[in-house]
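Colleague: This is the structure, below, for whatever I ask next.
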């Protein structure tokens with residue numbers, strides 16, 4: 001869990017070792033994923049949830065916690 005940049009909310013991130021493979025697997029099951037973004041700490045995509053929420057999936061560039 002990470003605090004969001006605004007609105008006093010939190011964001012839930014799931015971690016993967018291979019973002020591209022996860023995106024292929026998820027889209028094959030009908031999950032809508034955003035275009036991957038390259039960030040300082042890794043790459044991420046956003047998944048659309050059926051209820052209208054969002055879930056983030058990322059591949060870290062940092063050491064594992």
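Colleague: Could you please find all residues in the stretch 39-65 being in contact with a strand residue (DSSP E or B) (Cβ under 8 Å, 6 or more places away or on another chain) and part of a loop (DSSP other than H, G, I, E, B)?
Modeller: If the condition is that a residue be in contact with a strand residue (DSSP E or B) (Cβ under 8 Å, 6 or more places away or on another chain) and part of a loop (DSSP other than H, G, I, E, B), then 41, 49, 61, 62 are the ones that fit.
Colleague: Can I ask one more? Taking the residues in the stretch 19-38 that are in contact with a strand residue (DSSP E or B) (Cβ under 8 Å, 6 or more places away or on another chain) and part of a strand (DSSP E or B) as candidates, determine which candidate is surrounded by the most Cβ atoms within 10 Å (Cβ to Cβ).
Modeller: For the stretch 19-38, the residue satisfying everything is 33.
Colleague: Can you tell me which residues in the stretch 1-18 are surrounded by 10 or more Cβ atoms within 10 Å (Cβ to Cβ) and at pLDDT 85 or above?
Modeller: 13, 14, 15, 16, 18
The values are calculated or read from the model by the stated rules, or taken from the named source; none is laboratory data. Quantities reported herein were computed from a predicted structural model and do not represent experimental measurements. With ideal geometry, Cβ positions are generated from the backbone for all residues, glycine too; neighbour counts draw on all protein chains shown.
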